[in-house]
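The values are calculated or read from the model by the stated rules, or taken from the named source; none is laboratory data. As the structure is a prediction and not an experimental result, all values here were calculated from the model. Reconstructed Cβ throughout: ideal geometry from the backbone, glycine too, with neighbour counts over all protein chains shown. What goes into the accessible areas is simple: the full protein's heavy atoms, side chains included, and nothing from ligands, DNA or RNA. Shrake-Rupley method; radii C 1.70, N 1.55, O 1.52, S 1.80 Å.
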Amino acid sequence: MARESKAKKAERFSRIVDLLEKEMPEAKIALEYQNELELLVSVMLSAQSTDKLVNTVTPALFARYPSARAYARSSPAELEKMIQRVGLFRSKARNLHAAMTIIEEKYGGKLPRTREELNELPGVGWKTAGVVANHAFGTPAFPVDTHVGRVSRRLGLTRQQDPDKVEADLTQLLPSDRWGRAHQLLIWHGRRTCEARKPKCDVCVVAALCPSARRTTP
């Protein structure tokens, strides 16, 4: 097969996003939150846990700690009891307390607005910072989780394994105003159709644009 030019790959990716949008217009972040601070907490807790599980823990957490100051005045041990059903709850409790203390003392209780500043908070990696910055402030970002990485590699949009390198490849193929939406659509596609163990290529709306599907289906 002839090597695909960057321009052709970008055109193909744009068509993929269009088709996924038509197939899943309801695609949105699955975490439940009411404000920027709750979004940050939810995304921090979701690492190596399901969004569904996080959503069962956060209502009580948000009710008890409505502000960064409330979290800062608590303790990691107290927070552990509130989130113990979530994976890695001890380290997450420590990071949550430390992050909220910084937000209260350095930013006056308000979430820092840039991805770079968010990334500096304890327990907030580049992916988490991208999700929060995009959903809270509309900052262009293309965070790469396991679904985005797997789907984009199967689609032949990148060969990279490192999430930051995958993001660098993907952001070169779409205009920045489409990054956040494409991120969400790839997540839903990975969960619904392009599953890790057994992708459902026979019902995939982008199979005709996917080199992996052409190799595995008649």
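Of all the numbered requirements in (1) in a loop (DSSP other than H, G, I, E, B); (2) under 22 Å from the mean Cα position of the chain (by Cα), PRO66 misses one, and that requirement is (2).
Hey, any hits in the stretch 23-37 for a residue that's of a type in the set (A, V, I, L, M), in a helix (DSSP H, G or I) and at pLDDT 95 or above? Looking through the stretch 23-37, at least one residue is of a type in the set (A, V, I, L, M), in a helix (DSSP H, G or I) and at pLDDT 95 or above. Would it be correct to say that PRO112 is open to solvent by 40 Å² or more (accessible area, probe 1.4 Å) and outside any helix (DSSP H, G or I)? Judged against the criteria, PRO112 is not a match. Residue check: SER42 meets all listed conditions (1) open to solvent by 60 Å² or more (accessible area, probe 1.4 Å); (2) among the hydroxyl-bearing types (Ser, Thr, Tyr); (3) modelled with pLDDT of 95 or more but one, namely (1). Of all the residues in the stretch 97-111, those that are touching a helix residue (DSSP H, G or I) at 6+ places or on another chain (Cβ under 6 Å) and either closer than 29 Å to THR158 by Cβ or of a type in the set (A, V, I, L, M) (or both) number 3.
Of all residues in the stretch 77-89, those that are assigned to a helix (DSSP H, G or I) and either within 22 Å of the chain's Cα centre (by Cα) or buried (at least 16 other Cβ atoms within 10 Å of the Cβ) (or both) total 5.
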